[in-house]
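The values are calculated or read from the model by the stated rules, or taken from the named source; none is laboratory data. From a predicted model like this one, the values you see are computed outputs, not experimental measurements. Note: ideal-geometry Cβ built from the backbone for every residue, glycine included; neighbour counts use all protein chains shown. Just so you know, the surface numbers come from the protein's heavy atoms only, side chains and all, with ligands and any DNA or RNA stripped out. Shrake-Rupley method; radii C 1.70, N 1.55, O 1.52, S 1.80 Å.
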Amino acid sequence: MDTLLKTKDLTINFGGLLAVNKVNCEMNNEVLGLIGPNGSGKTTFLNLISGIYNATDGEIEFQGRNITKLQASDIRSIGIARTFQTNRLCLKLTVLDNMLLGLFSKQQIRWWETIFNQKKHHLELRVNIDKCLHVLSYFNEELVEQKYELIDTIPLIDRRRIEIARALVSDPALLLLDEPTAGLNPQETHSIVEDLKKIREKTGISMIFIEHDMGVISTIADRVVVLNAGQIIAEGSFAEVSKNEEVRSAYLGS
Amino acid sequence: MTDRQTHLQNTGKFVAPLGVLIFFAAMALAITMNLWTTLAVVVVLTALLIFGEKRGFVETAYKMVEKNYKITVAVFVAALLLFPIALRGNSYFLHILVIAGIYAMVALGLNFQIGSMGQVNFAPAAMFGIGAYTSAMVSVHYGASPWLGMIAAVIVTAGMGVVFGFPALKTRGFYFSLVTIAVQTIFVLLVVNTDWLGGPNGIPGIPAFSLFGRSLKQTGNLFGMLLPYQINYIYLTFFLLILLIIVARRLYTSRFGLAWNAIEEDEIVAATQGINLTKLKLLSFSIGSVFAGIAGSIYAHYTSFIGTEDFDFNKSLILICMVLLGGMDNPVGVTLGAVLLTVIDEKLRVFADYRMLMYSVILIVVLVVRAQGLLPKRNRTYPGTEEG
């Protein structure tokens, strides 16, 4: 199988702090768990891939294409979507509008067409709304009913679902999840993980998954990469990694 | 269709057009009577909106208009056409209407930055001025038709919007506002110190528009009624204003309006949704500037004299107030705000030196009572695309 994502000596330097240091990582179509202690560069690694930060050194290749220099907006268009650790939906917009934002890069309509060609505009909008509601209903039917509600009024668990749905709606090939279960109780965590498993089975989408809950990692991740101080210290299946001495001392504890 | 919807449709058929007529009657009062009547209209309108929102009347009113869109718009347009004719006796009232329409266009353009994108631009008057000066120079110096002047104004302001939009790419919030204040100041200083642009004397003798070989400065005659020339300009302004409102509304419901809102809330999230921040910001600035440019062109050819005092920093502040008072990111609200503030501004002339003081007091009171503006932004619903 072709390599989906490959980083070569990926490095970022924040004024002397090497947040990510020469990371060589390769992934195919799989669910990759990314674990490590706080400050080990997990989120920075995702920020580098999703184009929010520009790498100081090294390369990122996605589906055989060098994407190191691409802007965040282009990264989304070529099929990498992400969620954030703290829920970052647009609070002043409705559920549906947040979902439609996820489709921005998939829409072809030009700004003058939205003014002078209402027919095309409505046609495209209709298709997009149907698609958004379809993806939402996959997570929670109730959210479809609440499509015109402001995000302000939606509980945290549903906000997480909306954020994942917003990432999925543009049919990405790779989904970057930054602690999707942070702040949720065990039942809610379970329900999100089940949703993600279903999505993985149904669409075969690849995921990179940052997580602190080892139970979640062991059920969903095909492979685990452990970061510490910006470097990969171990990778392999969860069972292999959890036996590794260095990982135990750096993160898991004995 | 549910009972409630049928009910809305049946009663709305009469209530919505009636509401439009009452609104025009109130506006007529506000324009023709003294300051206190104008203030009373503003107070009643604000109170109606506040209590109406609490009781859900405002939402019902919106629904009624939505369900009976065609008849409401028809009544509105008819009232709009007859309104200036009813006021034909006093050309000063008509003048207020033209100016209100012109400022409404600038405020609509400004709303793309302040309302949609949350970037407070303190230079709308500079854009307005660039439009006016371009149009005036083209027709005075080169003797071209004022319509060509307007086209030139559109092209120049679109370009200027892009140029002035560049600071917005690097700065945001207060820093961006500071840059726009600099732009505004530079514009005034540059014009005052350039003899070619009339310097401190301004540009006099700007020709009027003409349509079908007839100058818009000619008085008209309709069934024996003498119509002052301002009526021609009112129709021109209203026509363009309605076009611009339609453009603004269409952009608001498009993916671009949505993207601007996303940029306002969180630029990083917007970028990760595939929104190109550079393109979208420059689009907002250049479209907004074009609105100001069109307004500037009409202003120049209407007043036939322009000077920098028409486009100074105070004018920018007033334009920002129009957007804030009317309601951010709601084109209809912004237009209402522009009309009300223009009328109040004119009525305050009785206070002479204390005019700006009174103006500020009124603004503060209205904004304390209703911080979100008279007609605030509404959540997007997509009625034309409902499933089923």
Taking only pairs six or more apart or across chains, which ones have beta-carbon atoms under 7 Å, a first residue in segment B:357-380 that is away from chain A (no Cβ under 14 Å), and a second residue that is open to solvent by 50 Å² or more (accessible area, probe 1.4 Å)? B:M358/B:F351; B:L367/B:L324; B:G373/B:L324; B:G373/B:M328; B:L375/B:V332
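Per-residue answers, yes or no, for (1) part of a helix (DSSP H, G or I); (2) farther than 20 Å from B:A132 by Cβ:
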residue	(1), (2)
B:E309	yes, no
B:K315	yes, no
B:L324	yes, yes
B:M328	no, yes
B:G333	yes, yes
B:L341	yes, no
All but one of (1) closer than 23 Å to B:L317 by Cα; (2) touching a Gly at 6+ places or on another chain (Cβ under 8 Å) hold for B:A126; which doesn't? (2)
Take the conditions closer than 30 Å to B:V361 by Cα, open to solvent by less than 50 Å² (accessible area, probe 1.4 Å) and part of a helix (DSSP H, G or I) and apply them to B:Y92. Does it pass? no
So which helices (runs of 4 or more DSSP H) stay within segment B:103-214 end to end and still have 3 or more residues that are more than 22 Å from B:G307 (Cα to Cα), touching a residue at least 40 places away in the same chain (Cβ under 8 Å) and aliphatic (A, V, I, L, M)? B:146-170
Can you tell me which of A:S218, A:S249, A:S206 is open to solvent by less than 50 Å² (accessible area, probe 1.4 Å) and among the hydroxyl-bearing types (S, T, Y)? A:S206
Regarding B:L82, is this residue over 30 Å from B:A270 (Cα atoms), at pLDDT below 90, open to solvent by less than 50 Å² (accessible area, probe 1.4 Å) and not β-branched (V, I, T)? no
So, in segment B:146-164, how many residues would count as being under 18 Å from B:I206 (Cβ atoms) and out of contact with any helix residue (DSSP H, G or I) (no Cβ under 7 Å at 6 or more places or on another chain)? 2
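From the set of residues in segment A:160-192 that are assigned to a helix (DSSP H, G or I) and open to solvent by less than 10 Å² (accessible area, probe 1.4 Å), which is nearest to A:R76 (Cα to Cα)? Write out each step before concluding.
Start the filter on segment A:160-192 by keeping residues that are assigned to a helix (DSSP H, G or I), which leaves A:160-168, A:186-192.
From what is left, the residues that are open to solvent by less than 10 Å² (accessible area, probe 1.4 Å) are A:162-167, A:192.
Details: A:I162: 17, A:E163: 14, A:I164: 14, A:A165: 14, A:R166: 12, A:A167: 9, A:I192: 23 Å.
Among them, the one singled out is A:A167.
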The condition from (1) at pLDDT 85 or above; (2) at the interface with another protein chain (Cβ under 9 Å from one of its Cβ atoms) that A:I109 misses is numbered (1)
May I ask you to list the residues in segment A:76-106 that are within 7 Å of chain B (Cβ to nearest Cβ) and outside any loop (DSSP other than H, G, I, E, B)? A:R76, A:S77, A:R82, A:T94, A:D97, A:L100, A:L101, A:G102, A:F104, A:S105
Qualifying residue in segment A:54-61 (condition: at positive phi, surrounded by fewer than 18 Cβ atoms within 10 Å (Cβ to Cβ) and over 12 Å from the mean Cα position of the chain (by Cα)): no
Considering segment B:95-110 alone, what residues qualify as being open to solvent by less than 10 Å² (accessible area, probe 1.4 Å) and of a type outside the set (A, V, I, L, M, F, W, C)? B:G101, B:G109
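Can you tell which of B:A47, B:A61 is more than 22 Å from the chain's Cα centre (by Cα), over 16 Å from B:G327 (Cα atoms) and assigned to a helix (DSSP H, G or I)?
It is B:A61.
Quick grid of which residues meet (1) over 24 Å from B:F174 (Cα atoms); (2) of a type in the set (F, W, Y); (3) under 19 Å from the mean Cα position of the chain (by Cα); (4) facing chain A (nearest Cβ under 10 Å):
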position: B:T272; (1), (2), (3), (4): yes, no, no, yes
position: B:I275; (1), (2), (3), (4): no, no, no, yes
position: B:G296; (1), (2), (3), (4): yes, no, yes, no
position: B:Y299; (1), (2), (3), (4): yes, yes, yes, no
position: B:T308; (1), (2), (3), (4): yes, no, no, no
Determine, yes or no, whether B:R349 is open to solvent by 80 Å² or more (accessible area, probe 1.4 Å) and either more than 18 Å from B:V43 (Cβ to Cβ) or free of Cβ contacts under 8 Å to residues at least 40 places away in the same chain (or both). yes
Does A:A250 satisfy being in a helix (DSSP H, G or I) and of a type in the set (G, A, S)? yes
Hits in segment B:166-186 - residues which are open to solvent by less than 20 Å² (accessible area, probe 1.4 Å) and either hydrophobic (A, V, I, L, M, F, W, C) or touching a Lys or Arg at 6+ places or on another chain (Cβ under 6 Å) (or both): B:A168, B:F176
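So which residues in segment B:252-270 are open to solvent by 10 Å² or more (accessible area, probe 1.4 Å) and either more than 7 Å from every other protein chain (Cβ to nearest Cβ) or not in a helix (DSSP H, G or I) (or both), if there are any at all? Even if it seems obvious, please write down each step before you answer.
Of segment B:252-270, the ones open to solvent by 10 Å² or more (accessible area, probe 1.4 Å) are B:252-253, B:255-256, B:264-268.
Residues satisfying the conditions are B:Y252, B:T253, B:E264, B:D266, B:E267.
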If a residue must be surrounded by fewer than 18 Cβ atoms within 10 Å (Cβ to Cβ) and under 13 Å from A:I192 (Cα atoms), how many such residues does segment A:139-156 contain? 2
